[in-house]
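Okay, so here's the structure we're looking at.
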Amino acid sequence: MKMEKKGLARSDVDALLSGFEEKNISFGSGRVFGSMCTAPHDYALEVHQRFHESNLGNPGLCAGTSEMERCVISMLGDLMGYRDATGYVLSGGTEANITAMYIAKNRSSGKKVIFPRSVHFSVLKAIKLLGMDPVPVGLDEDFRMDTAELESKIDKDAAMIIGVAGTTELGAVDPIREISDMAEGVHLHVDSAFGGFVLPFLEEMGMTDDRVGPWDFRVKGVGSICVDPHKMGWSTIPAGCLLFREGHPFNDLAVGSPYLTSPKAYTLAGTRNSGAVASAFALMKHLGREGYCDLVRRCMGNTKYLGKRLEEIGLSKVMEPVMNLVAFHHPHPERVQKAMVSKGFYISKVCDPPALRFVVMPHVTKDSIDRMVETLRHVI
Ligand SMILES: Cc1ncc(COP(=O)(O)O)c(C=O)c1O
């Protein structure tokens, strides 16, 4: 394709856009069951548009949005047991994990990153980028980091340990308190990119079981946490938050930025989206804890319903869901996934154990579950 010498009329461009739009699968179609993102709340979208032009990479021009960023971090710090947490709003869990890992490496003489095998692949990406040494740890029968194996792997070369509060594939929560007890001063980072907007509300409603222990800053050894408003925070993309307990993370990445309004730049990205920051701020203020409890309760109800419907067609769960994510044993998940795509349904898979995976996000309803299950019944 070439750019025209003389531009097209908007109506002609709109026709082109419609062609592209038709190829996308919208969350509202009721056909997406494998995504950790969702259609944002209407109000989040409206606020995003209103604040989209400020660039947080040049904060002197958007002092208001910068202040909202600090408010988002302190609201989340408060929710996660440490209201004096510092940090920033980045593009998502990947950037937050890369940044946390850079900071841990910067503050340590070691290069080893110890993590459960269930860790999100963004950690492996960061290991490549940062030249760190991967130390994977196996899982216990509840798909949580095996602490006996962990203990044998911590040594003086460890720069950090990563625990996950809401694993991507199964939604398991690592035993963060036990991990913290073993960490002995090694930086402990908790990846709650998905779980961070679910677990606090499950706890508030008394909906967790004994597979979920304390996982946030209430555990003394937790040094940093990442959590994404653009997943279960119901906010707009791109928004992922990185929170630190000690030592402002701004100092670790700082470089001079002489032509901008602040003397130093502190984040991996230069120009930074701020519509999503305002959107996360506004939605947290608007929904409050009660609003998020309602959302999580609805998603958990639909997860239970999905579980029941799939058991009716002969599938069995890999584990009882902890969060709004559930997987079912199947010897050939890839084949089933492909067949479902050919019928217009987007489900996901787990490799180990082989399983079909479903994320029950806010856009998933009982009606859409019924339609998907009917198709899945024919496919399997
Ligand atoms: C636990 C966890 N961490 C990190 C990420 C990466 O987040 P993002 O895709 O927003 O960069 C994900 C994505 O699903 C995740 O589930």
Mind running the shape call on the range 296-380? Use the C-alpha gyration tensor, a ≥ b ≥ c as the square roots of the eigenvalues: rounded below 1.5 for a/c, prolate if a/b tops b/c, oblate otherwise. oblate
Coil-residue trypsin sites (Lys or Arg not before Pro) of the range 204-248, DSSP, other Cβ within 10 Å capped at 15: Arg211, Arg218, Lys220
Relative to 2.2 N^0.38 Å, what does the C-alpha radius of gyration of the chain come to as a ratio? Two decimals please. 1.02
Given a Förster distance of 30 Å, report the FRET efficiency between Arg83 and Glu203 from their Cβ-Cβ distance, rounded to the nearest 0.05. 0.95
Hey, with R₀ at 51 Å, roughly what FRET efficiency would Asp370 and Tyr259 work out to, going by the Cβ-Cβ distance, to 0.05? 0.35
Ranked from fewest to most other Cβ atoms within 10 Å of their own Cβ, Ser192, Ser274, Ser152 fall in the order Ser152, Ser274, Ser192
Under a plain spin-label model, where a point goes 7 Å from the Cα along Cα-to-Cβ, how far apart in nm are Glu151 and Glu311? 3.6 nm
Taking 0.36 nm per residue of sequence separation and subtracting the Cα-Cα distance, how much length would be gained by fully extending the chain between Leu8 and His248, in nm to one decimal? 81.5 nm
Quick one: among Val222, Val190, Val318, which has the greatest mean-square fluctuation in a GNM of the chain with alpha-carbon springs under 10 angstrom? Val318
Alpha carbon centroid spacing (whole Å) that separates the range 149-201 from the range 341-359: 26 Å
Order of Glu95, Glu204 - criterion: other Cβ atoms within 10 Å of each residue's Cβ, fewest first: Glu204, Glu95
Please name whichever of Ala39, Gly7, Ile25 sits farthest to the positive end of the charge dipole of the chain, dipole taken about the Cα centre and charges placed at Cβ: Lys and Arg +1, Asp and Glu -1. Gly7
Cβ density ranking, 10 Å radius, fewest first, applied to Asp84, Asp157 yields Asp84, Asp157
Taking every other residue with Cβ under 14 Å from the Cβ of His52 and scoring Lys and Arg +1, Asp and Glu -1, one gets 0
What is the dipole size for the range 1-144, taken about its Cα centre, with +1 at each Lys and Arg Cβ and -1 at each Asp and Glu Cβ, in debye to the nearest 20? 700 debye
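Any read-out appearing in this document is the output of simple, stated calculations on the displayed coordinates, not a laboratory observation. None of these values were measured; they are calculated from a predicted model. Ideal geometry is used to build each Cβ from the backbone, glycine not excepted, and the neighbour counts take in all protein chains shown.
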